Every structure is written in structure tokens, then in C-alpha cells.
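Undergrad: Let me give you the structure first, and then I'll get to my questions.
The values are calculated or read from the model by the stated rules, or taken from the named source; none is laboratory data. In this text, all values refer to a predicted model and were calculated from it rather than measured experimentally. Ideal geometry is used to build each Cβ from the backbone, glycine not excepted, and the neighbour counts take in all protein chains shown.
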Amino acid sequence: MGGSPATQLTIAARLKAARSAKRMTLDELAAASGVTKGYLSKVERGQSNASVAALIRICEALELQVGSLFDETPVGEVVRAGEYPPIEFGGTQMTEFQLTPTGERRFQVLLSDIAPGGGSGSDTYSLPAEVEFAMVIEGRLHIDFVEGNGSRITLDRGDALTFEADRPHAFHADEQSGAKVLWVLTPALAHRRLAEAAE
């Protein structure tokens, strides 16, 4: 589970507020997102973290930008080492931080600290961005793609991969080493409608 309990509760409250603003019931959101009502209820109460894929589907159904779930940071603000704002982007056994201000529209930089075996979850997902870049700072990361017969790319410390963000994929850290990964997305997710991912 990534992020602090306070961050998890903030995300939960924002998801519930977005659902209420759209006057959707849990049943309606479950049907629209493909996520069970019970799971949604736990996510909204802060009792469960959504996988990356589930979080994207929930936000798509709510016509909500993923970035709107995170605390706003003014454009131009320096983010000091050790003071990175935590974000909750789903997945398991990882803590994530946003290194760029949420007002930055051209690109978004995230840092994931992933425990051994942790990652995005078992479901593949794609992002409503054009390009995704991953660089392993520590450990080893496995990225699985589903097109064709499927393929796995393993990145070790110092390795980097650039790919189209809309390619369905999932990732997890090596069972032995875990991983610390720098991600760059362009344009920033906070300023793209998640509904575009379905197109």
C-alpha cells in the first residue's frame, strides 16, 4: 500500500465528492467503471487503495483528472529533497511522490519507491498521455506489455525505457531487490481528461 493514511483519506474524500457532485450512486459508478460496489465503497472510505488500472477507470467514469486527486502545488515551487509531496496513484506496496508542481502542464515527473514484489497491481492499464519514460534509480523493475503474445522488459539500475503511454502495461519491482523508479509523462496527467484514454 502506497502513501500515508492522510493522503489515502484525501484521495478517498475527493473521489466521494466527485461522485456526489455527479449525483452518481455507488451502483452507477461500479457499472460505469467496471469496479465492484464493495471495492468502491472501501476506496471511498480510505480502507483500500485502488490499483492503478482501477483508479484510472474510476476517474474516467467520473470524468475526473487523476491529477486533481493530489494536493495542488503552485507552479515554480521548488521541491526539496526529503520534502517530496506524496501522491496516491494506486498500486500496492509502493510509495509515490510527485516531483513537478501540479500546475506544470507540459510534463509530469513521479518517483516510485517500490517494495520487493510491489507495483501497479495485476491489471494492465494505459495512460492518457503521449509518452511515458521510466528510469530505474535503484533495484530492478519488470514492465509487462500485453499486445501480441505479450512481452516483459526488465530494467536494472541505470536502465531507461521510453514508450507510448497508451500501450496497455503493468509493472512490478523484482521480488528480491524492490525498485526506485523515476517516471516522466508528457503531457502531464493532471491536465488531460482521463476519458481520452478510452479513445
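Undergrad: Return yes or no: is Thr124 in the same structural domain as Phe145 (by TED's automatic domain parsing), at pLDDT 85 or above and of a type in the set (Ser, Thr, Tyr)?
TA: Criteria met by Thr124.
Undergrad: Please tell me if Val79 is modelled with pLDDT of 85 or more and either among the hydroxyl-bearing types (Ser, Thr, Tyr) or out of contact with any Gly (no Cβ under 6 Å at 6 or more places or on another chain) (or both).
TA: Against the criterion (modelled with pLDDT of 85 or more and either among the hydroxyl-bearing types (Ser, Thr, Tyr) or out of contact with any Gly (no Cβ under 6 Å at 6 or more places or on another chain) (or both)), Val79 does not qualify.
Undergrad: Something else about it: Tally time: how many residues in the stretch 130-150 are among the charged types (D, E, K, R), touching a Leu at 6+ places or on another chain (Cβ under 9 Å) and surrounded by 15 or more Cβ atoms within 10 Å (Cβ to Cβ)?
TA: Matching residues across the stretch 130-150 total 2.
Undergrad: Go through the stretch 137-160 and count every residue that is closer than 19 Å to Gly178 by Cα and over 17 Å from the mean Cα position of the chain (by Cα). Quick ask: steps written out before the conclusion?
TA: Applying the first criterion (closer than 19 Å to Gly178 by Cα) to the stretch 137-160 yields 137-144, 152-160.
Filter once more, keeping what is over 17 Å from the mean Cα position of the chain (by Cα): 137-140, 152-160.
Result for the stretch 137-160: 13.
Undergrad: Looking at the stretch 112-129 only, could you name the residues that are under 19 Å from Leu55 (Cα atoms) and surrounded by fewer than 17 Cβ atoms within 10 Å (Cβ to Cβ)?
TA: Listed by number, the residues that qualify are Ser122, Asp123.
Undergrad: With Gln93, Gln98 as the choices, which residue is out of contact with any Lys or Arg (no Cβ under 8 Å at 6 or more places or on another chain), at pLDDT 85 or above and crowded, with 22+ Cβ neighbours inside 10 Å?
TA: None of the others qualify; the one that does is Gln98.
Undergrad: Taking the condition in the same structural domain as Ile143 (by TED's automatic domain parsing) and modelled with pLDDT under 85, does Gly119 pass? Please lay out each step first, then the result.
TA: Values: in the same structural domain as Ile143 (by TED's automatic domain parsing): yes; modelled with pLDDT under 85: no.
The answer is no for Gly119.
Undergrad: While we're looking at this one, here's another question. Can you tell me which residue within the stretch 14-66, out of those that are in contact (Cβ under 8 Å) with a residue 40 or more places away in the chain and of a type in the set (Asp, Glu), is nearest to Asp123 (Cα to Cα)?
TA: Glu60
Undergrad: Pairs please, first residue from the stretch 130-154 and farther than 12 Å from Ile114 by Cβ and hydroxyl-bearing (Ser, Thr, Tyr), second anywhere and surrounded by fewer than 16 Cβ atoms within 10 Å (Cβ to Cβ) and modelled with pLDDT under 90, Cβ atoms under 6 Å, 6+ apart in sequence or on different chains.
TA: Nothing qualifies.
Undergrad: Exactly one of (1) in a loop (DSSP other than H, G, I, E, B); (2) modelled with pLDDT of 85 or more; (3) among the charged types (D, E, K, R) is unmet by Glu60. Its number?
TA: With (1) in a loop (DSSP other than H, G, I, E, B); (2) modelled with pLDDT of 85 or more; (3) among the charged types (D, E, K, R) applied to Glu60, the lone miss is (1).
Undergrad: Tell me the residue from Ser120, Ser112, Ser177 that is within 21 Å of Val66 (Cα to Cα) and in contact with a Lys or Arg (Cβ under 9 Å, 6 or more places away or on another chain), please.
TA: Details: Ser120 fails: in contact with a Lys or Arg (Cβ under 9 Å, 6 or more places away or on another chain); Ser177 fails: within 21 Å of Val66 (Cα to Cα).
Matching residue, one of Ser120, Ser112, Ser177: Ser112.
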